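The values are calculated or read from the model by the stated rules, or taken from the named source; none is laboratory data. All figures in this text were calculated on a predicted structure; none of them were measured in a lab. Quick reminder, even Gly has a Cβ in these numbers, built from the backbone with ideal geometry, and neighbours come from all protein chains shown. Just so you know, the surface numbers come from the protein's heavy atoms only, side chains and all, with ligands and any DNA or RNA stripped out. Shrake-Rupley method; radii C 1.70, N 1.55, O 1.52, S 1.80 Å.
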Amino acid sequence: MKAVRSHLLLCGGTGCRASGGMTLKDILEAELEKRGLSDEMKIVVTGCNGFCALGPILVVQPDDVIYVSLKPKDIPELVSEHFIKGRIVKRLLYKHPVTKQEIPTMQQIPFFAQQELRVLRNRGLIDPEKIDEYIGRDGYSALAKALAEMTPDQIIDEVEKSGLRGRGGGGFLTARKWRTTRSAPGAVRYVICNGDEGDPGAFMDRSVMEGDPHSVIEGMIIGAYAIGASKGYIYVRMEYPLAVKNLAKALTDARAYGLLGDNILGSGFSFDIEINRGGGAFICGESSALMQSIMGKAGEPRAKYIHTSEKGLWDMPTNLNNVETWANVPLIINHGSAWFASIGTKGSTGTKVFSLVGGVNNVGLVEVPMGITLREIIYDIGGGIKDDKKFKAVQTGGPSGGCIPAEHLDTPVDFDELTKLGSMMGSGGMIVMDEDTCMVDVARYFINFLVDESCGKCTPCREGLRHFLTILTRITEGQGQEGDVELLEEIGDGMIWGSLCALGGSAPNPVMSTIKYFRDEYDAHIRDKKCPARVCTKLITFSIDPETCIACGKCKKVCPVNCITGAKKVPHVIDESICIRCRACYEVCPTDAVKIR
Amino acid sequence: MSPISADQLRKIKLKIQNENALRYGVGRAKVTVHMGTCGIASGARDVLESLLVDIAQYKATDVIVAVDDCVGLCEREPLVTILKPGQKPIEYEKMNPDKMRHVFKEHFIVTEIQEPVEGESGQSNEGKRSQSN
Ligand SMILES: Cc1cc2nc3c(=O)[nH]c(=O)nc-3n(C[C@H](O)[C@H](O)[C@H](O)COP(=O)(O)O)c2cc1C
């Protein structure tokens with residue numbers, strides 16, 4: 001028998017799977033077999049590595065080399081060069097976007113180097129389907145400690161001292177919610193994990209549930225013990241099948257080890273967890289709507305004069321926390337509140353996981369200390385704006401978050417600072433927009449999403465959003481009227497004051513923040529009937545500059561409505577009356593002769 | 001799987017940490033076998049095999065094995081470097097499976113390096129061991 005000398009950590013997150021990661025696994029397996037290496041090199045399918053835009057990703061240990069964007073045809077070379085001869089295959093390494101230098105190890109890549117991995121402590125390091133691998137990384141030691149050495153009150157005190165605030169959006173103090181639930185009268189108490197993650201473009205919670213399900217489960221068991229709950233639910237959306245699969249396996253294994261169920265670790269404490277699959281409605285992420293959904297009713301929120309921590313599921317005291325909030329709990333128990341609070345800002349301790357998407361060079365999942373500036377996230381970790389374009393705004397907080405402009409890039413990111421800027425932390429989506437983005441169109445885009453997702457129960461949200469959409473649409477189509485901006489602000493105010501839940505209460509954010517920071521763009525659309533970013537199709541025209549046109553015919557070929565004419569060596573012409581402004585000619589022109597005005 | 005105690009939890013942890021030492025980068029030592037085309041031609045593959053067999057046999061999974069390209073000292077191949085945390089790397093040259101087995105035992109089974117074993121074929125490793133910086 002031979003010892004295994006190398007672990008090939010293949011990212012099995014949804015992103016890498018979508019780019020062919022599992023086909024790669026089969027090919028890699030076959031190639032290792034062919035070269036007689038199967039018994040000395042072990043393929044480990046891990047959770048999400050985080051560098052999602054460059055999948056499939058393979059990390060080779062003990063060499064600590066990371067390969068990106070792998071294709072099946074790269075595998076034979078990788079095996080014969082690196083695995084057999086010990087030569088790193090340079091062309092498959094990550095290249096620095098500016099210097100074009102190949103970077104072999106994760107720690108040298110700026111995207112990874114500046115992150116602080118706490119919630120993502122096992123990122124890319126363990127097989128999420130193996131409970132032993134989680135235990136090998138200190139897993140369930142916090143649970144053992146909590147049950148053996150701490151009283152429920154001591155646990156809540158420790159969480160309180162850590163300053164942990166909920167990562168699901170509102171930033172509520174976790175310990176306060178726990179204490180209320182613990183002291184509320186009720187025959188049974190429940191804890192719930194909110195894995196609905198309805199924000200478009202967000203995938204933090206998915207990655208944790210898929211890649212490290214036990215970290216969430218362990219946090220929930222500790223919380224349940226502190227609160228005195230006997231039953232837990234993990235609410236996951238339908239669109240996350242891999243998260244459901246990995247969580248289900250994790251629950252089965254935890255039960256088999258006696259970490260869930262009756263008399264956990266011989267402590268006398270009993271608790272179990274069930275997975276509840278949601279239909280994928282954004283509103284079902286809201287606490288009271290989520291509980292309705294678990295009870296089999298339509299996901300509609302209710303007024304909060306009675307808190308769910310007092311009357312939640314089946315009118316019993318119920319504590320709801322976000323995936324990331326739960327995953328932080330074992331760390332606080334193991335390392336203590338002082339350690340936890342040693343990074344972050346005064347009001348927001350610890351780290352936050354963001355999904356960094358949009359116009360940045362490095363798209364992916366990042367965990368950073370609270371208080372880091374937007375600039376550091378976007379430029380240092382994100383590698384700056386793609387194609388050397390200019391930064392315009394960053395949208396934080398999901399669809400009902402706000403857009404923050406360049407002048408606030410040095411703002412430290414924490415719950416309170418983002419709210420001050422008219423945006424919010426939300427659950428951690430971060431969409432970066434470049435100079436080619438029309439901010440009115442962005443507002444319209446998010447409102448269009450929210451119109452569909454509003455449950456319709458209360459009038460301010462239901463009607464306010466519809467009117468928002470009507471007005472924004474007419475502005476982007478050149479039909480805007482003087483006074484439209486003021487009307488939008490008035491509707492927004494009404495929604496903030498009158499909506500039943502935070503969906504309606506925060507839905508005006510994308511509109512209000514773009515008016516606040518980009519008022520000139522609204523005015524250009526309304527008064528001059530112009531879209532400064534040249535995005536709104538009704539306000540732009542396409543033409544070809546005869547001086548720069550080389551008559552190559554490329555634009556003619558791609559035009560879907562055949563509105564471009566011109567013979568060989570004759571500058572081409574666009575017939576504006578037929579043009580549908582699809583931009584195809586603009587994208588394909590090799591000499592930038594197509595002009596948008 | 002059956003219910004475990006807190007004590008068994010700790011045991012699983014230690015077992016996994018040992019088994020996965022190479023993944024977490026926290027081994028007792030790192031043994032590098034220099035491969036490359038010339039290393040392989042002079043028998044480095046057999047040296048590697050012998051090392052892996054010994055690690056399995058002695059359950060010494062916290063000894064991390066790396067393969068590296070040849071370092072350009074082709075006439076002294078196969079080359080093996082042993083690196084222990086906080087110590088200077090030790091290089092062994094003109095290795096073969098037997099010598100590898102011997103070096104492995106010296107370093108990892110009997111913890112202190114002993115005098116070369118009498119009657120060993122080829123060069124004794126005494127003259128061949130060099131400290132490199
Ligand atoms: C429309 C809407 C959608 C929400 N979606 C989510 C979600 O997907 N995930 C989440 O954790 N919290 C979501 N929340 C926040 C929850 O209502 C709740 O505050 C949170 O789950 C509590 O957990 P925490 O204290 O750990 O943050 C949403 C809130 C609203 C108003």
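Quick notes on this structure:
- Subset of the range A:258-289 that is hydrophobic (A, V, I, L, M, F, W, C), in contact with a Gly (Cβ under 7 Å, 6 or more places away or on another chain) and open to solvent by less than 30 Å² (accessible area, probe 1.4 Å) - its residue that is farthest from the other protein chains (Cβ to nearest Cβ): A:Ile283
- Test for A:Thr373: is it of a type in the set (Ser, Thr, Tyr) and farther than 27 Å from A:Val442 by Cβ: no
- Any hit, the range A:547-561, residues being open to solvent by 70 Å² or more (accessible area, probe 1.4 Å) and closer than 30 Å to A:Arg444 by Cα: yes
- Condition met for A:Val561 (outside any helix (DSSP H, G or I), assigned by TED's automatic domain parsing to the domain that holds A:Ile580 and more than 26 Å from A:Gly169 (Cβ to Cβ)): yes
- Among the residues of the range A:125-173, the ones that are within 16 Å of the ligand (Cβ to nearest atom) and touching a strand residue (DSSP E or B) at 6+ places or on another chain (Cβ under 8 Å) come to 12 in all.
- Residue count, the range A:489-542 (criterion: within 16 Å of the ligand (Cβ to nearest atom) and of a type in the set (Ser, Thr, Tyr)): 2
Conditions tested, residue by residue: (1) at pLDDT 95 or above; (2) among the hydrophobic types (A, V, I, L, M, F, W, C).
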| position | (1), (2) |
| --- | --- |
| A:Trp314 | yes, yes |
| A:Thr318 | yes, no |
| A:Val329 | yes, yes |
| A:Asn334 | yes, no |
| A:Ser337 | yes, no |
| A:Ser342 | yes, no |
| A:Ser348 | yes, no |
| A:Val353 | yes, yes |
| A:Leu365 | no, yes |
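- Selection of the range A:309-338 for residues being of a type outside the set (A, V, I, L, M, F, W, C) and away from the ligand (no atom under 16 Å from the Cβ) yields A:Asp315, A:Asn334, A:His335, A:Gly336, A:Ser337.
- The condition of being in contact (Cβ under 8 Å) with a residue 24 or more places away in the chain, of a type outside the set (Lys, Arg) and in the same structural domain as A:Phe391 (by TED's automatic domain parsing) does not hold for A:Leu472.
- Residue in the range A:515-535 that is loosely packed, with under 13 Cβ neighbours inside 10 Å and touching a helix residue (DSSP H, G or I) at 6+ places or on another chain (Cβ under 8 Å) present: yes
- Listed by position, the helices (runs of 4 or more DSSP H) contained in the range A:166-242 that have at least 1 residues being more than 16 Å from the chain's Cα centre (by Cα) and over 27 Å from A:Gly429 (Cβ atoms) are A:174-183, A:213-227.
Yes/no per residue for (1) under 27 Å from A:Val44 (Cα atoms); (2) within 12 Å of another protein chain (Cβ to nearest Cβ); (3) touching a Lys or Arg at 6+ places or on another chain (Cβ under 7 Å); (4) not polar (S, T, N, Q):
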| site | (1), (2), (3), (4) |
| --- | --- |
| B:Ile12 | yes, yes, no, yes |
| B:Asn20 | yes, yes, no, no |
| B:Ala44 | yes, yes, no, yes |
| B:Val47 | yes, no, no, yes |
| B:Ala56 | yes, yes, yes, yes |
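- Qualifying residue in the range B:29-38 (condition: in a helix (DSSP H, G or I) and at the interface with chain A (Cβ under 9 Å from one of its Cβ atoms)): yes
- Subset of the range A:134-174 (residues that are open to solvent by 10 Å² or more (accessible area, probe 1.4 Å), among the hydroxyl-bearing types (Ser, Thr, Tyr) and in contact (Cβ under 8 Å) with a residue 12 or more places away in the chain): A:Ser141
- Failed item, numbered, when A:Ser38 is tested on (1) small (Gly, Ala, Ser); (2) touching a Leu at 6+ places or on another chain (Cβ under 8 Å); (3) in contact (Cβ under 8 Å) with a residue 12 or more places away in the chain: (3)
- Flag for A:Ser288 being small (Gly, Ala, Ser) and more than 30 Å from A:Val366 (Cα to Cα): no
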